[in-house]
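Report on the following structure.
Bear in mind that the values in this text are calculations on the coordinates, not laboratory data. Note that this is a predicted model, so its numbers are computed, not measured. Methodologically, a virtual Cβ is constructed for each residue, glycine included, from the backbone with ideal geometry; neighbour enumeration extends over all protein chains shown.
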């Protein structure tokens with residue numbers, strides 16, 4: 001398995017079952033457009049589930065507010081601050097979480113909230129593959145890889161956005177991976193629209 005390089009010093013291992021895979025400097029306008037398009041996909045009718053992983057750095061109460069949204073379930077949440085410094089959790093933005101988006105129309109609200117102060121990743125996968133993904137993601141094992149095994153699934157979609165990347169020319173980095181079983185309605189979402197090609201892609 002090779003590596004996919006993008007931005008300055010950014011890299012990810014390549015998926016063996018990806019139809020489309022790239023990383024690039026981007027901007028929030030493109031991110032918003034992509035997330036809006038993803039929110040229109042008929043995932044449930046295809047037997048697919050959608051999750052968003054917030055990778056840490058959110059203020060206390062963020063996931064409690066998300067859990068109050070209709071069509072959203074916070075499956076797991078925690079703090080990057082160790083238990084013996086619990087008194088800092090209300091002061092330092094440190095919350096991470098795994099969110100199931102049952103009503104995909106609210107995906108823009110969920111994702112927009114989580115990239116304000118954190119890296120966030122959208123995962124789409126067959127519903128029968130969800131349990132092992134959640135179990136791995138909840139362990140917070142730094143050696144497990146950012147995708148927690150999802151990119152081994154032929155019908156996967158992974159969309160990672162780091163909106164506070166100091167090595168990026170634009171300050172925002174995206175990473176895309178679509179499995180070989182994804183249809184054109186998935187893959188076409190990530191085409192570059194007019195005016196978006198300023199975001200350099202290096203593979």
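At a glance:
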item: Taking 192, 96 and counting other C-beta atoms within 10 Å, the order from fewest to most; result: 192, 96
item: Rounded, prolate or oblate (a/c below 1.5 giving rounded, otherwise prolate when a/b exceeds b/c) for the stretch 142-184 by Cα gyration tensor; result: oblate
item: Alpha-carbon centroids, the stretch 98-133 and the stretch 27-67: separation in whole Å; result: 4
item: Rounded, prolate or oblate (a/c below 1.5 giving rounded, otherwise prolate when a/b exceeds b/c) for the stretch 111-189 by Cα gyration tensor; result: oblate
item: Relative exposure of 124, 134, 70, judged by other C-beta atoms within 10 Å (fewest first); result: 70, 134, 124
